[in-house]
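**Student:** I'd like to ask you about the structure that follows.
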Amino acid sequence: MCSVRMNDDEHALVATAAKAVGVTVAGFFAKAALNAAHDPHTSAAAIAGRRETVTELFAARRHLGQIGNNLNQLTRAVNSGGRPIDIQLNAVLDSVRRASARVQDATDQLISDY
C-alpha cells in the first residue's frame, strides 16, 4: 500500500479526471501508474506535458462554463425585451472562439502525444 501527497488543486484535478472516466481516485492512480510502468519510454517530460495539456483542458472547460453564464444573461435580456449591446455580444462570441481554440489546441496536443 502506498500514499500520495498532493495539494488541493492537484487532488481536485485528479478527482475530476477519475470521475470523468468512472473510477475512484485510487483506481485512477493505479491505472496511471500501471500504464506508465508498462511503457518505459514514457519520460517525465512527456508526463509533465500531458499534465499541462490536461490542466489546459480543464481551464478551458471552466472558461466555457463562464461563457455559458454570459450567454444565459444575454438570452434573458433578449427574452425580456432588451437588446444586448453589440459590444457585449461580440465579446461573448470572441470568448467562445478563444475557448474553442484552446480546447482544439489541447486536444491536438493530446492526440499528437499518442
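**Student:** Go through (1) of a type in the set (D, E, K, R); (2) open to solvent by 60 Å² or more (accessible area, probe 1.4 Å); (3) out of contact with any helix residue (DSSP H, G or I) (no Cβ under 6 Å at 6 or more places or on another chain) for Arg50 and report which single condition fails.
**Tutor:** Among (1) of a type in the set (D, E, K, R); (2) open to solvent by 60 Å² or more (accessible area, probe 1.4 Å); (3) out of contact with any helix residue (DSSP H, G or I) (no Cβ under 6 Å at 6 or more places or on another chain), Arg50 violates only (2).
To keep it simple, each residue is scored yes or no on (1) open to solvent by 80 Å² or more (accessible area, probe 1.4 Å); (2) closer than 27 Å to Ser3 by Cα; (3) in contact with an Asp or Glu (Cβ under 6 Å, 6 or more places away or on another chain).
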{"position": "Ala17", "(1), (2), (3)": "no, yes, no"}
{"position": "Gln73", "(1), (2), (3)": "yes, no, no"}
{"position": "Ala77", "(1), (2), (3)": "no, no, no"}
{"position": "Ser80", "(1), (2), (3)": "yes, no, no"}
{"position": "Ile85", "(1), (2), (3)": "yes, no, no"}
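**Student:** Filter region 92-114 down to the residues that are surrounded by 15 or more Cβ atoms within 10 Å (Cβ to Cβ) and of a type in the set (Gly, Ala, Ser) and list them by number.
**Tutor:** Ser95, Ala99, Ala106
**Student:** Next up: Do we find that Leu64 is surrounded by 14 or more Cβ atoms within 10 Å (Cβ to Cβ) and of a type in the set (A, V, I, L, M, F, W, C) in this structure?
**Tutor:** For Leu64, the condition - surrounded by 14 or more Cβ atoms within 10 Å (Cβ to Cβ) and of a type in the set (A, V, I, L, M, F, W, C) - is met.
The values are calculated or read from the model by the stated rules, or taken from the named source; none is laboratory data. Please read these numbers as outputs of a predicted model, since none were measured by experiment. Ideal geometry is used to build each Cβ from the backbone, glycine not excepted, and the neighbour counts take in all protein chains shown. Remember, those area values only see protein heavy atoms, side chains included, never the ligands or the DNA or RNA. Shrake-Rupley method; radii C 1.70, N 1.55, O 1.52, S 1.80 Å.
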